Amino acid sequence: MGNLRQIGQAALMYADDCGRLPTSTDYGYVLWNGTDYILYGRLVPAYGRGLAKSFFCPSADVLTMNSALTGLQNLGVPGRTTAGSYYIRSLDQGAPARLDGADRALLADLAGNHPPGHRVLYTDGSVRRQPPAGDLNAATTWTQWDGGGFLP
């Protein structure tokens with residue numbers, strides 16, 4: 001939860017500095033695509049490489065910080081990919097582009113990291129545990145979480 005809160009604080013600063021959140025029509029786990037920082041990976045050059053560790057859940061079994069294929073050592077390396085442990089939703093999935101006062105879900109960890117369910121970062125900077133909702137690619141999952149209740 002602490003990692004998601006750090007990402008949330010950086011996202012709020014980014015929105016304040018840039019007038020929008022670091023979103024796009026892309027979705028998934030990739031922070032660095034071998035050529036450029038994408039999605040919430042844009043927070044890393046803006047607010048420091050130290051933030052990059054926050055994108056890796058210490059409980060993750062996949063997409064770990066030390067993965068040879070997608071780990072932190074690949075960040076910024078041409079032709080290599082870095083993918084964190086948190087799913088970043090796209091604009092097409094209803095991700096908010098701006099902070100508008102609504103309580104909206106931004107990104108979530110893999111359900112397997114903290115069963116049952118997901119840890120979800122919201123636009124107010126809070127992190128809440130949400131029930132399992134199926135595929136994170138499905139817009140209905142995110143709609144359920146936007147403004148929805150949460151498990152204590």
CD proxy at 222 nm, helix term only [per DSSP H run n ≥ 4: -39500 (n - 2.57); per residue of the chain; nearest 500]: -5500 deg cm²/dmol
Based only on the alpha carbon positions, what is the Kirkwood hydrodynamic radius of the range 44-152, in angstrom? 14.8 Å
Non-local residues with an amide H under 5 Å from the amide H of residue 31, with H modelled 1.01 Å from N and Pro and chain starts lacking one, are 82, 83, 84
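Where a number appears in this text, it was derived from the coordinates with a stated rule and is not lab data. Please read all numbers here as calculations on a predicted model, not as lab measurements.
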